[in-house]
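Contents: one structure, followed by commentary.
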Amino acid sequence: MALPSEVGLRVLLCPLGSNVLVRTACCSVGIALPVYSTFKAIETKDQAEQQRWLLYWAAYGSFSIAEVFSDKILSWVPLYYHVKFAFLVWLQLPSSNGAKHLYTSLLRPFFLRHQARLDQAVDFIYGQMSKFISSHQGDLQFARVLFMKVLAAASGVVKGVVPHGQRQASPAIEDPAKQTQDSESEKDE
């Protein structure tokens, strides 16, 4: 009889099964765990851990950019998400130092070779973003106010608070016995 952890691992790694589990595992291993580990490295002010996770994020970001363009094709390759999962684990493992290896052998030489052009592109993009934001300041402020109102309304719905000026929902789908009790109590008042 298999242990529950073995069953979970079998389901995760089953190549004939759905990719939903292994994709979720990729997100958990590729993003959630590193975010928390980065937080801990920053809070403890451990320079070695900060550098390790900075290298990881550089490698992960580069991988994500490449994946944006190739994911629709590569996702059809059998076991693609399993290989991606293994790659993300390899990037993080201290014993393999995968992120540092990828950075020093591929990313750093690429960025050094193309640094001037990349700096121009980044400056151009920041300039365009600044122009866009300054020319659409009113629209952005409106969107912010609208978003805050929607967020407040959603928070109220979750907490059970009825926004000012709105009626409570009709009790049409409540238990008939409760409706009868409510109507009798209204008559008494």
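The values are calculated or read from the model by the stated rules, or taken from the named source; none is laboratory data. What you see is a predicted model, and the numbers here were worked out from it, not measured in a lab. Backbone-built Cβ (ideal geometry, glycine too); neighbour counts: all protein chains shown. SASA here: full protein model, heavy atoms, side chains in, ligands and nucleic acids out. Shrake-Rupley method; radii C 1.70, N 1.55, O 1.52, S 1.80 Å.
Residue under question is ILE42, and the condition is that it be exposed (fewer than 15 other Cβ atoms within 10 Å of the Cβ), modelled with pLDDT of 90 or more and more than 16 Å from the chain's Cα centre (by Cα); does it hold? Considered against the rule, which asks whether it is exposed (fewer than 15 other Cβ atoms within 10 Å of the Cβ), modelled with pLDDT of 90 or more and more than 16 Å from the chain's Cα centre (by Cα), ILE42 comes out as yes. Looking only at residues in segment 56-79 that are more than 16 Å from VAL35 (Cα to Cα) and touching a residue at least 40 places away in the same chain (Cβ under 8 Å), which one is most open to solvent (accessible area, probe 1.4 Å)? Here the answer is PRO78.
Applying the set (1) in contact with a Pro (Cβ under 8 Å, 6 or more places away or on another chain); (2) open to solvent by 90 Å² or more (accessible area, probe 1.4 Å); (3) at pLDDT 85 or above to LYS178 leaves exactly one unmet item: (3). All of (1) modelled with pLDDT under 90; (2) surrounded by 13 or more Cβ atoms within 10 Å (Cβ to Cβ) hold for HIS136 with one exception: (2). Scan segment 108-119 and give yes if some residue there is at pLDDT 90 or above, aliphatic (A, V, I, L, M) and surrounded by fewer than 10 Cβ atoms within 10 Å (Cβ to Cβ), otherwise no. Yes, that holds for at least one residue. Does any residue in segment 88-107 that is closer than 13 Å to TRP57 by Cα and of a type in the set (Asp, Glu) come within less than 8 Å, Cβ to Cβ, of a residue that is surrounded by 15 or more Cβ atoms within 10 Å (Cβ to Cβ) and at pLDDT 95 or above six or more places away or on a different chain, and which pairs are these? Final answer for the pair search is none. Where the second residue is surrounded by 10 or more Cβ atoms within 10 Å (Cβ to Cβ) and the first is over 17 Å from PHE111 (Cβ atoms) and lies in segment 122-135, which pairs have Cβ atoms under 9 Å and are six or more apart or on separate chains? Matching pairs, first to second residue: ILE133/LEU140.
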